[in-house]
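In what follows, a single structure is set out as structure tokens and then discussed.
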Amino acid sequence: MTYLLDTAPFLWAVTDPSKLSRRARRLCESQRETLVVSVASLWEIVVKCGVGGIRIANPARSLPDWLAGLGARVLPVEAVHAYAVYGLPPVHRDPFDRLLVAQAIAEDLPLLTGDEFIAQYPVRCVW
């Protein structure tokens, strides 16, 4: 099965897997599962690095290495994903998370997240 990783679980999977639930850690370590990280998450991480919210040495080099280490592929943001944000109820104010929800719905992917706000959307959440 293919899973879309929320931003925090992606970071935890590569920097501190003990922060993941047992199930999430098992999925991230499995060779049978396909992991997907959205360009929106990569953008969010880089933005937060730029303003000091996250500290990653050279994210332009670290992020591709981390993706490769997880065996994750990158999900581009397509116009259909952006349009799908329009129809979402205003449960979550974070634009990155709203885009991830729209991508999960549009691509019919379960979203690996522990975010209780995201779980209020009509998306399959795994944690």
>> Under 5 Å between amide hydrogens, which residues at least 5 positions from residue 38 or on another chain qualify, with H placed 1.01 Å from N in the peptide plane?
In response: 5, 75
> Hey, quick one: spin label on residue 2, modelled 7 Å out along Cα-Cβ, who in region 26-48 has an amide N within reach, i.e. under 20 Å?
Replying inline: 27-43
> If you put +1 on each Lys and Arg Cβ and -1 on each Asp and Glu Cβ, how big is the dipole of the chain around its Cα centre, in Debye rounded to 20?
Replying inline: 320 debye
> Gain in length, residue 56 to residue 108, computed as 0.36 nm per residue apart minus the alpha-carbon separation, to one decimal in nm?
Replying inline: 15.6 nm
>> How much length would be gained if the chain were fully extended between residue 124 and residue 25, taking 0.36 nm per residue of separation minus their Cα-Cα distance, in nm to one decimal?
In response: 33.9 nm
> Extension gain residue 78-residue 65, at 0.36 nm per residue separation less the Cα-Cα distance, in nm?
Replying inline: 2.3 nm
>> Which one, 46, 18, 102, projects farthest toward the positive side of the charge dipole computed for the chain from Cβ point charges (K/R +1, D/E -1)?
In response: 18
> What list of ³J(HN,Hα) couplings, whole Hz, do you get for region 69-79 from phi and the Karplus terms 6.51, -1.76, 1.60, once you set θ to phi - 60° and write x for glycine and proline?
Replying inline: x, 7, x, 8, 9, 9, 9, x, 8, 9, 4
> How compact and how long is region 2-126, expressed as Rg and Dmax of its alpha-carbon atoms in Å?
Replying inline: 13.8, 37
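Read the figures in this text as sums done on the coordinates, not as results from a lab. Everything numeric in this text was worked out from a predicted model, so none of it was measured. FYI the Cβ positions are ideal-geometry reconstructions off the backbone, even for glycines, and counts take in every protein chain you see.
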